[in-house]
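Let me begin by presenting the structure, written as structure tokens, before commenting on it.
The values are calculated or read from the model by the stated rules, or taken from the named source; none is laboratory data. Predicted model only: the values in this text are computed from it and were never measured. For neighbour counting, all protein chains shown are included, and Cβ atoms are generated from backbone atoms with ideal geometry for every residue, glycine included.
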Amino acid sequence: MEERTTEVVFKKETVGKLLSLFFKDEKTKVSGDAVILMAEMLKIFVEEAARRSQKQAAAEDCDVVDIEHFEKILPQLYNSNFKISSTLLSHFLPVPNIQIAADLNALKK
Amino acid sequence: MDEDFSLHQRLKAALHFTVGRLCEDIGGDGGKRFNKEVLAAIAETTYRQCGLFHSHLRHAKRTTVNSEDVKLVARRSTALYNHITRRSEELASTNQEQKERRKKNTGKRKSEDEETSVKRNKM
């Protein structure tokens, strides 16, 4: 695999447009620096999600990281760096609520 | 409404592209690659995370969201907060440097203009 010469980041334009779209009805703007910081947060989010999923795959002795590994680490991901309330969690995650509840219960033990 | 939908789709695709590249690097690092399905799932979740960030940011009372507001969102985790604060300080000092450079150049230009006008007067 070729070595990258530049760092992979979320483009400022993409993040800016996305945030503007979410804020559309509120007429709120986002400063240039805030967009850069947001892009950074999203990058960290992806990196954490990816690395945790990879570790999960390793724990299961799998050669390829797949969606099941990712789904398993989601509750941990949110509980660590990206803490949000459980109601928001269930609203936004692509996994069924039952699974999340079970995972969260397992974490509490 | 349809316009918004297709714009969301295009931006999602842009996110997906970067997610793919980030995971490609991590795949190489950790010796385990990510399949297409999981990349799509991570990209989708990242898009939703953006929505989550938005729902936190909208509580800023001003019309323009700034760095301080983003730092507040990050404060839920010490490590993340420290990282983002450092990055924010880097940006602030870069901005400061740029401002000072611009001032210097404006100052230079002003004195050059003065020289030119003095020369013209002499002629």
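Couple of notes before you dig in:
- Whenever a residue of region A:7-28 is within 18 Å of B:Leu52 (Cα to Cα), its partners that are among the charged types (D, E, K, R), lying with C-beta atoms within less than 8 angstrom and at least six residues away or across chains, give the pairs A:Phe10/A:Lys43; A:Ser20/A:Lys29; A:Leu21/B:Asp4; A:Phe23/A:Lys29; A:Phe23/B:Arg58; A:Lys24/B:Asp4; A:Glu26/B:Arg58; A:Thr28/B:Arg58.
- Test: residue in region B:43-51 that is more than 14 Å from A:Leu19 (Cα to Cα), facing chain A (nearest Cβ under 7 Å) and surrounded by 15 or more Cβ atoms within 10 Å (Cβ to Cβ): yes
- Comparison of B:Val70, B:Val19, B:Val38 shows that the only residue that is closer than 24 Å to A:Ser80 by Cα, touching an Asp or Glu at 6+ places or on another chain (Cβ under 6 Å) and either surrounded by fewer than 16 Cβ atoms within 10 Å (Cβ to Cβ) or at pLDDT 90 or above (or both) is B:Val38.
- In the condition set (1) touching a helix residue (DSSP H, G or I) at 6+ places or on another chain (Cβ under 9 Å); (2) not in a helix (DSSP H, G or I), A:Val35 is compliant with all but (2).
- Considering the conditions (1) of a type in the set (Ser, Thr, Tyr); (2) facing chain B (nearest Cβ under 9 Å); (3) under 18 Å from B:Leu15 (Cβ atoms), A:Ser20 is excluded by exactly one of them, (2).
- Residue in region B:101-119 that is closer than 28 Å to A:Thr5 by Cβ and within 12 Å of chain A (Cβ to nearest Cβ) present: no
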